[in-house]
Amino acid sequence: MDRLRRLRVSPAMRDMVRENHVRTEELIYPVFVMEGQDICSPVKSMPGICQYSPDRLPEELDRVVKAGVGAVLLFGIPAHKDETGSGAYDEHGIVQEAIRFIKAEEKYRHLLVIADVCLCEYTSHGHCGLVKDGEILNDETLPLLARTAVSYAAAGADIVAPSDMMDRRVGVIREALDAHGFTNIPIMAYSAKFASAFYGPFRDAAHSAPGFGDRRTYQMDPANRREAMREVEEDILEGADMVIAKPGIAYMDIIRDIAEKYNIPIAAYNVSGEYSMVKAAAANGWIDEKKTVMEIMVGFKRAGAKMIITYHALDVAGWLR
Ligand code: PBG
């Protein structure tokens with residue numbers, strides 16, 4: 001008689017038949033860099049996460065290296081914001097300086113530096129593109145995104161990750177990178193990015209909440225599954241090397257859909273609100289943090305993700321040892 005419990009009798013048996021695994025090499029750790037000096041400022045809504053000025057970055061990078069995590073995703077918080085988000089493509093912008101710092105240090109140089117490409121942290125209105133009469137402009141924003149991506153590559157970024165959700169940005173960024181000789185810099189596109197309440201804590205961390213309205217005219221409607229495939233398809237046709245599905249937990253079906261349809265590495269973005277919920281419940285003793293986080297991580301793998309972008313990355317790496 002068939003008894004599925006036979007393969008669950010012991011840890012060794014369960015280990016042997018386990019179908020999916022979480023690996024440290026596939027973790028990507030987001031890091032917030034802030035213009036200024038001697039800053040290590042905890043993000044209240046994200047326990048354990050801080051904003052760092054470049055001079056204090058080594059504390060965090062040492063933890064990354066020690067944990068064995070191989071990739072960081074950089075977000076910048078500039079000292080000044082303006083209408084056109086010029087801090088994003090300033091040669092001496094905060095992310096550009098942080099990248100140069102990392103690549104100049106022998107002990108950090110091996111880290112894969114992924115630079116998030118977006119204007120929202122740099123615009124006074126907090127939107128991901130240029131704004132005119134209350135409208136978020138698409139085509140006018142594209143050259144600025146391309147300029148930002150090129151300046152990150154010039155500073156030494158290994159990968160650029162556009163998160164703005166303007167149409168055609170991947171193609172425009174690819175062309176610009178190639179035109180500047182960065183033909184080997186891959187694009188990790190936030191392809192299926194939904195307009196989500198789960199980004200709340202991130203907007204505290206990155207000071208990027210929109211000053212008016214919301215992001216629903218450019219980020220996707222959470223109800224749409226089929227449309228996500230069109231976003232992914234477009235980005236792949238425009239030259240994306242990897243795609244991101246975001247948020248992660250509430251959108252695991254989207255990861256599965258992409259995995260079934262396309263032969264491209266997929267990153268699951270376990271976003272800020274998902275992190276904060278787990279941290280809050282764990283701090284109250286309502287859930288076991290390690291078990292809950294590892295269950296979420298293997299859930300991403302089971303859904304079909306290759307990489308996992310997560311604020312839990314250093315803890316996960318520690319638990320995997
Ligand atoms: C920038 C960006 C956001 C996130 C990543 N890049 C915020 C947003 O779209 O409002 C969210 C990440 C997170 O919540 O962890 N556009």
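The values are calculated or read from the model by the stated rules, or taken from the named source; none is laboratory data. Computed from a predicted model, the values in this text were never measured in an experiment. Every residue, glycine as well, gets a Cβ built from its backbone with ideal geometry; the counts of neighbours run over all protein chains shown.
A compact table of results
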| item | result |
| --- | --- |
| Those residues of segment 35-46 which are under 30 Å from Asn284 (Cα atoms) and more than 14 Å from the ligand (Cβ to nearest atom), in sequence order | Ile39, Cys40, Ser41, Pro42, Lys44 |
| Any hit, segment 188-209, residues being at pLDDT 95 or above and more than 15 Å from the ligand (Cβ to nearest atom) | no |
| Boolean, Asp214 is surrounded by fewer than 23 Cβ atoms within 10 Å (Cβ to Cβ), within 11 Å of the ligand (Cβ to nearest atom) and without any contact (Cβ under 8 Å) to a residue 40 or more places away in the chain | yes |
| One residue from Gly126, Gly68 being more than 21 Å from His312 (Cβ to Cβ) and either surrounded by fewer than 17 Cβ atoms within 10 Å (Cβ to Cβ) or under 20 Å from the mean Cα position of the chain (by Cα) (or both) | Gly126 |
| Number of positions in segment 27-36 that are farther than 17 Å from Tyr275 by Cβ and either in a strand (DSSP E or B) or free of Cβ contacts under 8 Å to residues at least 24 places away in the same chain (or both) | 2 |
| Hits in segment 147-183 (condition: over 18 Å from the mean Cα position of the chain (by Cα) and within 16 Å of the ligand (Cβ to nearest atom)) | Asp167 |
| Sole residue being of a type in the set (Val, Ile, Thr), crowded, with 22+ Cβ neighbours inside 10 Å, more than 14 Å from the ligand (Cβ to nearest atom) and in contact (Cβ under 8 Å) with a residue 40 or more places away in the chain, chosen from Ile102, Ile77 | Ile102 |
| Selected residue (criterion: nearest to Glu295 (Cα to Cα)) from residues of segment 254-265 that are of a type outside the set (Gly, Ala, Ser) and surrounded by fewer than 24 Cβ atoms within 10 Å (Cβ to Cβ) | Arg256 |
| Wholly within segment 37-145, helices (runs of 4 or more DSSP H) carrying at least 2 residues that are modelled with pLDDT of 95 or more and under 24 Å from Pro210 (Cβ atoms) | 86-89, 94-104 |
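Every residue, every condition in (1) within 16 Å of the ligand (Cβ to nearest atom); (2) surrounded by 19 or more Cβ atoms within 10 Å (Cβ to Cβ); (3) over 27 Å from Lys66 (Cα atoms), yes or no:
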{"site": "Met252", "(1), (2), (3)": "no, yes, yes"}
{"site": "Met277", "(1), (2), (3)": "yes, no, no"}
{"site": "Lys290", "(1), (2), (3)": "no, no, no"}
{"site": "Met307", "(1), (2), (3)": "yes, yes, no"}
